[in-house]
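Participant: So that we are looking at the same thing, I have put the structure below in structure tokens.
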Protein chains: 2
Amino acid sequence: MPNLSCDMRAYVRASPSCGTLGGVTRSTNEAIVLCEGAGYDVILVETIGVGQSEFAVADMVDMFCLLIPPAGGDELQGIKKGIVEVSDVVVVTKCDGDLLPAARRIQSEYISALKFMRPRSRVWKPQVTRVSSLEKTGVPELWDLTQEFRQLRLESGELLATRRKQLRLWLASHVKDHIMGRFQKHPRVYALLPSMEQMVMDGLITPGLAADYLLEVFEGGRGDKRNDQV
Amino acid sequence: MPNLSCDMRAYVRASPSCGTLGGVTRSTNEAIVLCEGAGYDVILVETIGVGQSEFAVADMVDMFCLLIPPAGGDELQGIKKGIVEVSDVVVVTKCDGDLLPAARRIQSEYISALKFMRPRSRVWKPQVTRVSSLEKTGVPELWDLTQEFRQLRLESGELLATRRKQLRLWLASHVKDHIMGRFQKHPRVYALLPSMEQMVMDGLITPGLAADYLLEVFEGGRGDKRNDQV
């Protein structure tokens, strides 16, 4: 990253999170469009791996890479549910020195794991590769995979079909975020939600009844009137 | 099912779908509560495997069983993404006659696949079992698994913790379904949505702009005024 940010041909920018857990928002989506418009031909989107950010990003990009550092224990356990299934390439990082045997083991574990996953594409089988940024190995191979992926997906028409599908998904996702945001930020809903959740969890009322009450409050019904009486 | 529905101790009922794809709705959730209240000690919820119904049900029940019939080809390919990961028990069905070798193969494939999945519980490792309703084999073993699962989850406190979490999830889900339903059924939004989606997919406007416009229409802004001018 320090090298990349000194390169005059690269534009590196943190994306504001606007309070979203994981930091992937509408602005991330539109920043990609802007960068494309500005003529950048390779756009890398990096997530911090919190919340649902990876899944949000998987619906924004042409190719999704999952980076796995080799560590002790059963690595697959620590991986977010379903994230391997949306990966086009799994990259085992830090593949050098003492970590080389672990990295190799993890690579073969992922190759086995991917055998049991339903592939996202008809022309591409997810690959597992290894890189070392210290020894500068594996990066050209990863780039070749990227090019091959792009070529196959482009020729089959999948790349453009996926982009169209992603755009529609994002329309739905923006609408949902906005409307649900209004609900959560409604002052009376915000004040009531924790106690309603507690009552639901304690079995005092059903989730359905609690939802009805909160919705009435949100839509300016009973809740507000009660407030007036107080 | 024909046998079960003749048993005086069983109550069998189809659940109305209210138009939800997959047919799992708030009423399913509340039907479970009602059956519990009526004193039924075993409640089976069966989905038709369409839409997101299995995932919705996985958040309603204590134990989630995935039923797989043995068939030709690579069975794992046909399974919905992520569904194996939410399964507590995978049941290979029709395990008799000619299908026996296929059923055995599928069982071992799932045992391998589950090795690479992150378990949902700290006390339970997902199991793969075989049944035949023709030869009436495997059902007592499945019932034993169910009892063992319940015992382990109950003793560890996981069962009750999961139930509390599920109730909170259902509150959120009811609210979301209601609010998003209102958006989708709004007459002007309903009329505009297909053409907006098309414009977004054709790259004529960004998903964000289309969302802003639809939200203005929904919240009684620009869209309605335009309608008045026409």
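Participant: Do the conditions hold for A:G181, that is, is it out of contact with any His (no Cβ under 9 Å at 6 or more places or on another chain) and in a loop (DSSP other than H, G, I, E, B)?
Facilitator: no
Participant: Right, next: Take segment B:184-229 and flag every residue that is more than 10 Å from every other protein chain (Cβ to nearest Cβ), in contact with a Leu (Cβ under 9 Å, 6 or more places away or on another chain), at pLDDT below 90 and not in a loop (DSSP other than H, G, I, E, B).
Facilitator: B:G223 - this is the single residue of segment B:184-229 that is more than 10 Å from every other protein chain (Cβ to nearest Cβ), in contact with a Leu (Cβ under 9 Å, 6 or more places away or on another chain), at pLDDT below 90 and not in a loop (DSSP other than H, G, I, E, B).
So that you can scan it fast, the table gives a plain yes or no per residue for (1) farther than 20 Å from B:S133 by Cβ; (2) at pLDDT 90 or above; (3) out of contact with any strand residue (DSSP E or B) (no Cβ under 6 Å at 6 or more places or on another chain); (4) in a helix (DSSP H, G or I):
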site: B:S5; (1), (2), (3), (4): no, no, yes, yes
site: B:V12; (1), (2), (3), (4): no, no, yes, no
site: B:G22; (1), (2), (3), (4): yes, no, yes, no
site: B:N29; (1), (2), (3), (4): yes, no, yes, yes
site: B:D41; (1), (2), (3), (4): yes, yes, yes, no
site: B:G49; (1), (2), (3), (4): no, no, yes, no
site: B:A56; (1), (2), (3), (4): yes, no, yes, yes
site: B:M63; (1), (2), (3), (4): no, yes, yes, no
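Participant: Can you tell which of B:W124, B:W143 is surrounded by fewer than 18 Cβ atoms within 10 Å (Cβ to Cβ) and of a type in the set (F, W, Y)?
Facilitator: Exactly one residue qualifies, and that residue is B:W143.
Participant: Yes or no: B:L160 on the phi < 0 side of the Ramachandran plot, more than 9 Å from chain A (Cβ to nearest Cβ), surrounded by fewer than 17 Cβ atoms within 10 Å (Cβ to Cβ) and assigned to a helix (DSSP H, G or I)?
Facilitator: When the stated conditions are applied, B:L160 passes them.
Participant: Still on this model: Taking A:R168 as meeting all but one of (1) in contact with a Ser or Thr (Cβ under 8 Å, 6 or more places away or on another chain); (2) within 14 Å of chain B (Cβ to nearest Cβ); (3) basic (K, R), write down the number of the exception.
Facilitator: (1)
Participant: Could you tell me whether A:W124 is among the aromatic types (F, W, Y) and either away from every other protein chain (no Cβ under 14 Å) or out of contact with any helix residue (DSSP H, G or I) (no Cβ under 9 Å at 6 or more places or on another chain) (or both)?
Facilitator: yes
Participant: For segment A:81-89, state whether one or more residues are over 24 Å from A:M1 (Cβ atoms), more than 22 Å from the chain's Cα centre (by Cα), among the small types (G, A, S) and within 13 Å of chain B (Cβ to nearest Cβ).
Facilitator: No - not one qualifying residue is present in segment A:81-89.
Participant: Moving to a separate point now. Is it the case that some residue within segment A:142-155 is touching a strand residue (DSSP E or B) at 6+ places or on another chain (Cβ under 7 Å), part of a helix (DSSP H, G or I) and either away from every other protein chain (no Cβ under 13 Å) or under 27 Å from B:E219 (Cβ atoms) (or both)?
Facilitator: Within segment A:142-155, one or more residues are touching a strand residue (DSSP E or B) at 6+ places or on another chain (Cβ under 7 Å), part of a helix (DSSP H, G or I) and either away from every other protein chain (no Cβ under 13 Å) or under 27 Å from B:E219 (Cβ atoms) (or both).
The values are calculated or read from the model by the stated rules, or taken from the named source; none is laboratory data. What you are looking at is a predicted structure, and each value in this text was computed from that prediction instead of being measured. A quick note on method: Cβ atoms are made from the backbone with ideal geometry, for glycine too, and the neighbour counts reach across all protein chains shown.
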